[in-house]
Structure formats: C-alpha cells, structure tokens
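Chemist: Before I ask anything, let me first share the structure, which is written out below as structure tokens.
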Amino acid sequence: SYASALIPSQVAYLDKPNSNKIENLNKGIKVTSDNLITLYSSSTNTNSYDAVIVYPSTTYHKEYVIQTYPTDNQSNEFAIVSSADNNKVTIKVREVDFKKGADRTPVETEIIVTLNQGQSYLYQPVRKEISLIGTTICSDFPVSIMQGGQHAKVPLGNSETSHIYNNTFPTKAWGKKHIVTQTAAQKYDYVSLLAAENGTKVYRNNTL
C-alpha cells in the first residue's frame, strides 16, 4: 500500500533567512514504522518539481563530500540534520566561482556547529554563481545531508531552470566501479567525478 503526507512549509521549510545558522526550531522530521518501508521526499512549486529517496538512519555516517551541479546561474546549497544531541559538525567549505570569466581558484573556510537531534543547519553561498563541490563535512555522530541547487539548467544550455536535490551518500558508501549509460535522445551526457583521496586514478573503459 501507499501513503503520503503534505508537510506545511512553516513546519519543515528552511528558508534563506535561516541560511548559515542553526535552525532553533525542530525542522527535522522523524519517520518510524513497525515494518520495513521505503520513503520518498518531493518538493514542488509552480514550474519545478524534484523527488528523492530518503535513506534510512542506519545508513547515516560521519563523513561526507558535497557534489553539487556546477553552473553559473543557480544557488548551490546543502542542509545537515543531526541524529544525536551535542553533535559537533566540522564543515570545510570549498567555494568555486563559476561566473563567466571568474577566477576558479577555490576559497576554503571552516565552520564548526553543534547540533542536537533533529536540529538542522542550512548553508548557502552569498552569490548564486558559487559552487560548493568538494566541501567536506565531518561530525562526531552520524548526520543526514540534503544537497542541491535552486535554479539549475538541466541539461546545461537549457532555457528553463528547475530546482534539484538529493540525499547525499557518505564517503563510506562510495565505490571504485561504476557503469554509466547514455540517456535516450541525447547527443551526450555529463559525467561528474569527485575523488575522496588525492592521487586517485580514474579509468574509462580501462583507459586512464
């Protein structure tokens, strides 16, 4: 069987006024069941829609790397929700300016926040052209992270924009072998690779 629930925006929505601050209200939503379930989260406005599988709490971990969609017309962002009280979270923000003609040298800063269970922390850069790809997050206790962007052109060059978001894989769940297929009716696809360690060698069809 299937069930759904509409979450009022005032209950769970992290808006820009709370950006880069601990959300004092309990914006984390805990879902439990007596038998196994799969859980989806979706978000929509007038012209945009996206949905994501929400990972169970047993998959939460303490180390993450942010991988956002790099383009010059959207706002990257991520939100952290703590699974435990007194959880010290260290965020090494890595910002790259994707504005046309800009210097692509990363700017790195460190932020440390302490969250209680269910508390959330939203990070947004000051300008929409900033990519957060490569930002690392480490915590004392497991956390869940949502990442995405507000106005992404998918595919790149498209005249329309849409928000995108996903539940982030911890680095512990990353792999060494991946299979990529081409999207039907597309001339080409973009494949984004992010390394967890320095000196990582990547092979495409056995070619370095």
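The values are calculated or read from the model by the stated rules, or taken from the named source; none is laboratory data. All of these numbers come straight from a predicted model, not from anything done at the bench. Counting neighbours? That spans all protein chains shown, and the Cβs are built from the backbone with ideal geometry, glycine included. All accessible areas refer to the heavy atoms of the entire protein, side chains included, with ligands and DNA or RNA removed. Shrake-Rupley method; radii C 1.70, N 1.55, O 1.52, S 1.80 Å.
Chemist: Report, in debye and to the nearest 20, how large the dipole of the chain comes out about its Cα centre when Lys and Arg carry +1 and Asp and Glu carry -1 on their Cβ. Before the final figure, lay out each step's value.
Modeler: Working: 20 positive and 18 negative charges, 90 e Å.
Computed charge dipole of the chain: roughly 440 debye.
Chemist: If you take the charge dipole of region 133-202 about its Cα centre, with +1 on Lys and Arg Cβ and -1 on Asp and Glu Cβ, which of 178, 150, 138 is farthest toward its positive end?
Modeler: The Cα lying farthest towards the positive end belongs to 178.
Chemist: What order do 159, 192 take when sorted by accessible area (1.4 Å probe), most exposed first? Don't skip to the end; give the middle numbers.
Modeler: Numbers: 159 100, 192 70 Å².
The residues order as 159, 192, largest area first.
Chemist: From the residues 200, 59, 28, which one has its Cα farthest along the dipole of the chain in the positive direction, the dipole being from +1 and -1 charges on Cβ of Lys/Arg and Asp/Glu about the Cα centre?
Modeler: 200
Chemist: For region 103-208, what size does the Cα cloud have along each of its three principal axes, sorted from largest down, in whole Å?
Modeler: 46, 35, 31
Chemist: Any of 30/88; 62/177; 100/187; 88/177; 30/153; 153/187 with alpha carbons more than 26 Å apart? Name them for me.
Modeler: Working: 30/88 20 Å; 62/177 23 Å; 100/187 24 Å; 88/177 33 Å; 30/153 32 Å; 153/187 16 Å.
Exceeds cut-off: 88/177; 30/153.
Chemist: According to the square roots a ≥ b ≥ c of the eigenvalues of the Cα gyration tensor, what is the shape class of region 34-118, taking rounded for a/c under 1.5, prolate for a/b larger than b/c otherwise, and oblate for the remainder?
Modeler: It comes out oblate by the Cα gyration axes.
Chemist: Considering only DSSP states other than H, G, I, E and B, which trypsin sites (Lys or Arg not before Pro) in region 39-126 qualify as loop sites with at most 11 other Cβ atoms within 10 Å? Show your work: numbers first, answer last.
Modeler: Details: sites: 62, 88, 92, 94, 99, 100, 104; in loops: 99, 100, 104.
The qualifying sites are 100, 104.
Chemist: Using 0.36 nm per residue of separation minus the Cα-Cα distance, give me the extension gain between residue 11 and residue 46 in nm, one decimal. Each step should come with its number before you reach the end.
Modeler: Working: separation 35, 0.36 × 35 = 12.60 nm, distance 2.02 nm.
Extending this stretch completely gives an extra 10.6 nm.
Chemist: Report in % the part of the accessible area of region 84-208 that belongs to carbon and sulfur, leaving out ligands and nucleic acids; probe 1.4 Å. List each step's numbers first, then the result.
Modeler: Working: 4360 of 8610 Å².
The computed percentage sits at 51.
Chemist: Quick one: accessible area per residue over region 62-141, 1.4 Å probe, rounded to a whole number of Å²? Display every interim value, and only then the final one.
Modeler: On the way: 3710 Å² over 80 residues.
That works out to 46 Å² per residue.
Chemist: Let me ask you something else. Take residue 108 and residue 195, extend 7 Å from each Cα along the Cα→Cβ direction, and tell me the distance between the two endpoints in nm.
Modeler: About 1.4 nm separates the two model spin labels.
Chemist: What percent do you get for the relative contact order of the chain when only Cα pairs under 8 Å and 6+ apart count?
Modeler: Values: 402 pairs, mean separation 52.3, N = 208.
Value for the chain: 25 percent.
Chemist: Moving on to the next point. Rounded to the nearest 0.05, what FRET efficiency is calculated for residue 39 and residue 187 with R0 set to 41 Å and r the Cβ-Cβ distance?
Modeler: The computed FRET efficiency comes out at 0.70.
Chemist: A follow-up question, please. Just 120, 48, 82 to compare: in a GNM of the chain, with alpha carbon springs under 10 Å, which one fluctuates most?
Modeler: Sorting by GNM fluctuation, first place goes to 48.
Chemist: Need one value: the accessible area of residue 37 in square angstrom, 1.4 angstrom probe, rounded to the nearest 10.
Modeler: The accessible area of residue 37 comes to roughly 110 Å².
Chemist: What ranking of 50, 85, 189, 34 comes out by heavy-atom accessible area, probe 1.4 Å, highest first?
Modeler: Values: 50 35, 85 95, 189 55, 34 145 Å².
Highest to lowest solvent-accessible surface, that is 34, 85, 189, 50.
Chemist: Could you tell me what fraction of 2.2 N^0.38 Å the Cα radius of gyration of the chain comes to, as a two-decimal ratio?
Modeler: Numbers: Rg = 17.8 Å, N = 208, 2.2 N^0.38 = 16.7 Å.
Normalised Cα radius of gyration, the chain: 1.06.
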